[in-house]
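Structure, as structure tokens:
The values are calculated or read from the model by the stated rules, or taken from the named source; none is laboratory data. Quick caveat, the model's predicted, so the values are computed rather than measured. Ideal geometry is used to build each Cβ from the backbone, glycine not excepted, and the neighbour counts take in all protein chains shown. For the accessible areas, the whole protein counts, side chains as well, though only heavy atoms, and no ligand, DNA or RNA atoms are used. Shrake-Rupley method; radii C 1.70, N 1.55, O 1.52, S 1.80 Å.
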Amino acid sequence: MGVEITGLKRLEAKLEEKFGQARMQEIADEALLKGAEVIKRELQQNFETFRDTGASIDEITISEPKAGPNGRRREIHWVGPKGRYRLIHINEWGTIKNPNPAGKGKVAASLEGGKKAYRKAVKQVLESEL
């Protein structure tokens, strides 16, 4: 069973006509930032459960807006002096020697747990700007 939504392209065209392409991109970027901040907070809360030095929490970063094949996006990644980006994959999936580390599945759990709050944050920005 599926749902078919029609008229979305027409709605986008009307909004772009009213506000302009640049303003629509600004609004989309702001909405994406608010949504990314929600997921970042969710990650920080979930990472507290296996915190050691706190470097994995401190290095969570939200990228600048990027254009992709499916539209605008922001990425959440780990950037910092301690190079925690190297360990996130190991914490998320484990290794042969340590198949179940303390942080296993925390990124996926954060994404799943933050879906509603993400959508709500994006919706609030869109409603307030449009």
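Below are the figures for this structure:
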| item | result |
| --- | --- |
| Glu59 being over 23 Å from Glu26 (Cα atoms), open to solvent by less than 50 Å² (accessible area, probe 1.4 Å), out of contact with any helix residue (DSSP H, G or I) (no Cβ under 6 Å at 6 or more places or on another chain) and of a type in the set (Asp, Glu) | yes |
| Any hit, segment 109-123, residues being outside any helix (DSSP H, G or I) and either more than 15 Å from the chain's Cα centre (by Cα) or under 30 Å from Leu11 (Cα atoms) (or both) | yes |
| Failed condition for Asp52, given (1) open to solvent by 80 Å² or more (accessible area, probe 1.4 Å); (2) part of a helix (DSSP H, G or I) | (2) |
| Leading residue by the ranking (most open to solvent (accessible area, probe 1.4 Å)) among those in segment 1-45 that are without any contact (Cβ under 8 Å) to a residue 40 or more places away in the chain and among the aliphatic types (A, V, I, L, M) | Met1 |
| Extreme residue, most open to solvent (accessible area, probe 1.4 Å), among residues of segment 71-130 that are acidic (Asp, Glu) and at pLDDT below 95 | Glu127 |
| In segment 38-77, residue nearest to the chain's Cα centre (by Cα) [restricted to those that are more than 26 Å from Val125 (Cα to Cα) and among the hydroxyl-bearing types (Ser, Thr, Tyr)] | Ser56 |
| Condition met for Leu126 (over 29 Å from Ala31 (Cβ atoms), in contact (Cβ under 8 Å) with a residue 12 or more places away in the chain and in a helix (DSSP H, G or I)) | no |
| Given (1) assigned to a loop (DSSP other than H, G, I, E, B); (2) touching a residue at least 60 places away in the same chain (Cβ under 8 Å); (3) not small (Gly, Ala, Ser), index of the condition Pro81 fails | (2) |
| Matching entry among Glu37, Glu64 (being modelled with pLDDT of 95 or more and assigned to a loop (DSSP other than H, G, I, E, B)) | Glu64 |
